[in-house]
1. Consider Ala431 against the criteria (1) in a loop (DSSP other than H, G, I, E, B); (2) over 18 Å from the mean Cα position of the chain (by Cα); (3) free of Cβ contacts under 8 Å to residues at least 12 places away in the same chain: it satisfies all of them except one. Which criterion is unmet?
2. Would you check which residues across the stretch 147-161 are under 11 Å from Lys438 (Cβ atoms) and among the aliphatic types (A, V, I, L, M) and list them?
3. Looking at the stretch 215-230, which of its residues are over 25 Å from Met285 (Cβ atoms) and either β-branched (Val, Ile, Thr) or surrounded by fewer than 17 Cβ atoms within 10 Å (Cβ to Cβ) (or both)?
4. With respect to Asn339, determine if the residue is farther than 27 Å from Gly192 by Cα, in contact with a strand residue (DSSP E or B) (Cβ under 9 Å, 6 or more places away or on another chain) and surrounded by fewer than 17 Cβ atoms within 10 Å (Cβ to Cβ).
5. May I ask you to say which residue of Asp54, Asp90, Asp61, Asp46 is buried (at least 18 other Cβ atoms within 10 Å of the Cβ) and among the acidic types (Asp, Glu)?
6. Being farther than 14 Å from Arg51 by Cβ and either loosely packed, with under 13 Cβ neighbours inside 10 Å or in contact (Cβ under 8 Å) with a residue 60 or more places away in the chain (or both) is the filter here; which residues of the stretch 71-86 pass it?
7. Going by the structure shown, is Gly246 in the same structural domain as Leu187 (by TED's automatic domain parsing), in contact with a Pro (Cβ under 8 Å, 6 or more places away or on another chain), assigned to a loop (DSSP other than H, G, I, E, B) and within 25 Å of His228 (Cα to Cα)?
8. Confirm whether Leu241 is over 21 Å from Arg220 (Cβ atoms), modelled with pLDDT of 90 or more and crowded, with 17+ Cβ neighbours inside 10 Å.
Amino acid sequence: MWQKMCNLAQFFGRGHSFLSYGIMEKLMHYVWKHRLWGSNSLSTNDGVPIRVIDTGLPNTDSGPDFFNAKVEIGGKLWVGNVEIHVRASDWKRHGHDHDKAYDNVILHVVEKDDAPVYRTGGERIPQMVMRCSPQFHERYDHLVNSLSEIPCTPQISQVPSLVITEWIEALAFERLHGKVSRLRKLLEAYNGSWEDVCYVTLSRNLGFGINNDALERLARLTPLRLLHKHSDSLLQVEALLFGQAGLLAADKAIDDPYFAQLQREYDFLARKFSLSPIEAESWKMFRIRPQNFPYKRIALLAQFITGGFRLMAQILDANGNEKALRELFSAKLSGYWANHFSFGEPSATSSQALSNRSIDIILINTVAPLYYAYGELTDNYEMTDCAIGLLEQLKPEKNSIVERFAFAGIPCDDALTSQALIQLKREYCDAKKCIYCKIGHRLLSQAAVERE
């Protein structure tokens, strides 16, 4: 296997460069951006001293790789752009010698110097060789190609705790801002109605990861303005929600008086408002516990709507008080749903709609993001503080992600941290974005460039 890697490396002209051509260039960008070259004494390929004052701004569009860099070459200050290639001959291969967009390049950084480069007017561009260390390549290859869920587990202990703490804090805010972005789009779609945003968000999160998409579709298909017209009748609200969910289909032969009553009610309302339900197949019920069936979740949603849905106002009134917020979601189901998990199948009486752990999840995924979004979009920073304070008070989620990071040496004591770890796993570990992760960056920078 190692011999095969060495043979591949000959393509790049160096024994350690067995990574793909595109990855090699991306790593060179990384080394340049973070100033991870191995020596303070840099020079052009013809020996002229170089001092990098500013590496410039990374360009994610067409054109040179870094804009507005400041580089002192032979004692003279140059301000302009920097282009990076694995091979110097890539300059001509990519047509830069005939592209005026590259005339303001002040330095060409390469891994292999195999050709001089020129601007469109014929002026030669200074060129510098920057080689990455074999250890850097090997560690990067290990991280991104590892089959482990968290590839850096064996090395995390090498990273200072302060670096990890600061990164966890940044990830928590990154996750919150991602949720704010989603809520902002909902707010635009519902013309600034926070109650509608709250209704759709709560509906989605009542799916608890299993039926999230189906419950959100149900909420979008059954808007509050329609439900409010019938909010004085729990029967009609349930008929609308269960009917729109496709769970009252006329071809269902269920010998249950309440089911038949809801069917008749929905049939009347569907014809009156020209309603069309989602597919019953949208709901996941296979291999899940009866208490996680969607029926009780929809019944709880109906209870929130009956009498008028004003949950967002109630959340704001609670002002981050955990006890008050828990009371909002500690609803008890009475009547039919107190002793049924689904239609036509009686069960032991269980009026509690949500367990304490389920309420925790609602507070984490619904209430905290709503506080943060409301605070940011209305410049009410008391509400953003409520979001952070709530997450710091709540216990962390119990899932495999939190367990894996605890095993790797990153403990989790609150929901703010567990949210950060979920963000780290999904957006960095799973996406193999180790060079953008502060932990990965620390590990890679330890052996980033070749020492002379």
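1. (2)
2. Within the stretch 147-161, Val159 is the sole residue that qualifies.
3. The answer is Pro223, Arg225, Leu226, His228, Lys229.
4. Numbers: farther than 27 Å from Gly192 by Cα: yes; in contact with a strand residue (DSSP E or B) (Cβ under 9 Å, 6 or more places away or on another chain): yes; surrounded by fewer than 17 Cβ atoms within 10 Å (Cβ to Cβ): yes.
Criteria met by Asn339.
5. Just a single option satisfies the conditions, and that option is Asp90.
6. His85, Val86
7. On the way: in the same structural domain as Leu187 (by TED's automatic domain parsing): yes; in contact with a Pro (Cβ under 8 Å, 6 or more places away or on another chain): yes; assigned to a loop (DSSP other than H, G, I, E, B): yes; within 25 Å of His228 (Cα to Cα): yes.
Yes, satisfied.
8. In short, no.
The values are calculated or read from the model by the stated rules, or taken from the named source; none is laboratory data. Since this is a predicted model, take the numbers as computed values, not measurements. Cβ atoms come from the backbone with ideal geometry, glycine included; neighbour counts cover every protein chain shown.
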